[in-house]
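Reading through the structure tokens given below for one structure.
Bear in mind that the values in this text are calculations on the coordinates, not laboratory data. These numbers were taken from a predicted model, which means no experiment stands behind them. Counting neighbours? That spans all protein chains shown, and the Cβs are built from the backbone with ideal geometry, glycine included.
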Amino acid sequence: MEVKPGPASLPSLLPVVGFLKPYKLRLAGASVALLFTAGATLSMGRGLQVLIDQGFGNGDSADLAGAVSLLIAIAAAIAVGTFIRFYLVSWLGERVSADLRKAVFDNIVRLHPGYFELNRSGEIMSRLTTDTTLLQTIIGSSFSMALRSSLTLIGALVMMFITNLKLSLIIAVGVPLVLLPILYFGRRVRRLSNQSQDSIASVGSYAGEVIQHIRVVQSYTQEAFESTAFSREVERAFGIARRRIWQRSLLMGGAILLVFSGMAGMLWEGGQDVINGRMTGGELGAFVFYAIMVGSGIATVSEVWGELQRAAGAAERLIELLNTRSLIDDPGPRELSGQPRRPELALDDITFYYPTRPGQAALQDFSLPIQAGKSLALVGPSGAGKSTLFELLQRFYDPQQGRVLLNGEDIRKLGLQQLRSHIALVPQQPALFTGDVRYNISYGRPDASDAEVVAAARAAHADEFIERLPQGYGSHLGEQGVRLSGGQRQRIALARAILNDPEILLLDEATSALDTESEYQVQQALHELMKNRTTVIIAHRLSTILHADNIAVLDHGRLIATGTHTELMQNCALYQRLASLQFRETDREPDPVSYPSAESGLFAPG
């Protein structure tokens with residue numbers, strides 16, 4: 001399901017209200033302060049009436065001082081109430097935004113990898129940052145303004161009718177004329193707001209992809225092309241934002257014009273009443289104050305209405321991410337019975353289709369035992385299903401048919417955390433995080449001691465180059481380990497696997513990025529790591545797996561043959577062809593220089 005939300009309505013904000021429940025006391029305090037401030041603001045009209053009729057009208061300094069003191073007291077009450085309301089509401093906005101951001105991220109990191117094949121990471125990150133920031137602004141500011149303006153609007157209308165019925169009817173006639181354009185333009189603003197948010201997410205996603213692959217962009221001299229393409233994305237986003245701003249401007253301008261036109265008519269009629277003695281100047285002043293509050297309340301609500309529409313769209317997208325469920329069902333913390341140190345794996349009649357390729361089987365009627373404590377190499381042409389097998393072993397996907405067994409037990413019955421704690425992967429392209437060396441090595445075991453981290457680095461033959469870094473194990477590696485060479489990144493990943501001390505080791509051509517000297521050193525480390533462990537190796541160079549305990553030949557998602565190198569050279573045509581393509585430049589097979597048997601000694605000579 002792609003993150004492409006449709007038009008949102010204000011009820012979309014209701015799920016966000018649930019995040020306010022843990023903070024009921026602060027919410028109640030903010031509500032009381034809001035009501036208090038609204039009441040104090042409304043009482044200011046009566047204060048003005050007293051000031052005009054008694055302070056000015058009686059010509060007595062004492063009466064004037066009393067009226068002014070009353071206004072100061074009301075202003076002080078408004079100031080105190082506003083301080084409490086603003087602090088509590090802003091706190092709630094920041095807190096709810098943080099809680100929502102954490103809840104969405106907690107759900108995202110548990111989603112199945114297939115979800116990220118259908119949804120761009122840059123767009124998801126935009127939802128996680130931009131949309132939550134927008135909600136924080138709404139909850140911490142705009143929503144409070146809307147509530148305050150609504151309360152004062154209603155209160156001012158009531159006070160207007162109490163003060164003068166005839167003038168109030170004049171204002172009341174103008175209110176529907178203001179509300180109609182608000183409702184009309186509000187729908188258009190909401191639609192454009194959703195489009196604007198989507199366009200901003202698209203811009204961020206595009207920029208992130210280009211920056212991530214900046215070396216490829218520059219090596220193919222495509223800087224000008226990418227700048228032009230990015231400019232188009234930015235201009236498209238600006239065009240949508242411009243239309244949204246235009247609609248909001250019409251909304252606010254029209255509302256203000258209608259409100260003050262009504263007020264002008266009211267002042268004319270009220271002025272006639274004062275001249276003819278039908279009302280006092282103080283009553284007219286109070287009525288004008290309440291009328292201004294009504295006008296400003298409507299103007300504020302019309303301005304905030306567009307923000308609320310944007311917030312509704314943001315909330316809908318975030319709640320969609322929050323409610324997305326992983327296709328990989330986790331039964332909870334359930335460990336493998338007995339917790340053996342040498343687990344046995346098996347794929348039993350597996351048929352699997354990737355969600356993005358439902359018409360093409362990645363594995364078809366596939367069965368393969370993987371002996372405990374032995375090494376199994378997977379070979380075959382590109383697209384044969386080797387990497388898919390790794391995906392299924394780690395349960396990143398579940399097969400549509402068949403089972404993956406660990407010691408005879410379906411891995412779907414095990415907790416994901418418990419299953420994956422038995423496995424360590426050393427990928428062909430190691431994944432490093434923006435952190436220091438220690439953080440990357442201890443990623444699987446954050447509680448590991450410094451001594452254990454150093455021991456793992458030495459076992460991976462990484463300690464020597466780590467010590468030469470400016471801050472040693474505290475040296476930051478940059479985004480995706482950009483400050484290290486390919487071989488150094490590979491050895492950091494290997495040290496991570498060694499520190500994790502897995503029972504099952506998955507090696508995806510783990511020495512492919514190394515030079516000859518580094519490859520030899522890492523092979524020694526792999527030899528120690530593979531002892532008495534169940535090891536599965538993806539091999540593209542057959543010279544690296546000549547001494548594996550068993551070799552499985554795959555093609556088009558099917559198992560073609562299994563056996564040792566010698567056996568396959570005798571009875572497997574595909575393996576013979578792969579071998580001839582790799583070894584044709586020599587009269588004999590090359591010396592075995594890589595992965596040994598899981599129980600063998602050092603590498604056998606050629």
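The charge dipole of region 426-501, taken about the Cα centre with unit charges on the Cβ atoms of Lys, Arg (+1) and Asp, Glu (-1), comes to about 220 debye, rounded to the nearest 20. For region 440-495 versus region 364-420, the inter-centroid distance based on Cα atoms is 29 Å. In this Cβ point-charge picture (+1 for Lys and Arg, -1 for Asp and Glu), region 349-432 has a dipole of about 160 debye about its Cα centre. Each residue in LYS166, LYS21 was given a count of other beta-carbon atoms within 10 angstrom of its own, and listing them fewest first yields LYS21, LYS166. When LYS413, LYS24, LYS374 are arranged by Cβ crowding within 10 Å, least crowded first, meaning fewest neighbours, the order is LYS24, LYS413, LYS374. Ordering SER375, SER543 from the fewest to the most neighbouring beta carbons within 10 Å gives SER543, SER375.
Taken one residue at a time, the phi angles of region 328-337 give Karplus couplings (6.51, -1.76, 1.60, θ = phi - 60°) of 8, 7, 9, x, x, x, 9, 8, 5, 5 Hz. Gly and Pro are set to x. Relative to one another, the C-alpha centroids of region 78-117 and region 269-293 are positioned 47 Å apart.
Note on region 13-323: with charges restricted to the Cβ of Lys and Arg (+1) and Asp and Glu (-1), its dipole about the Cα centre is near 620 debye. Identify all lysines with a Cα-Cα distance to LYS21 below 20 Å; exclude those on the same chain that are fewer than 8 residues away in sequence. Answer for LYS21, where 20 Å is the Cα cut-off: LYS102, listed by chain and number.
The trypsin sites (Lys or Arg not before Pro) of region 63-134 meeting both criteria, a DSSP state outside H, G, I, E and B (loop) and at most 16 other C-beta atoms within 10 angstrom of the site's C-beta, are ARG110. Both radii are taken from the alpha-carbon atoms of region 13-323; with Rh as the Kirkwood radius, Rg/Rh is 1.12. Listed by chain and number, the aspartates and glutamates placed with their C-alpha closer than 13 angstrom to that of LYS531 are ASP501, GLU503, ASP549, GLU599; residues fewer than eight positions away on the same chain are left out. Ranking LEU477, ALA451, LEU499 by Cα position along the charge dipole of region 426-501, where only Lys, Arg, Asp and Glu carry charges on their C-beta atoms, puts LEU477 farthest toward the positive end.
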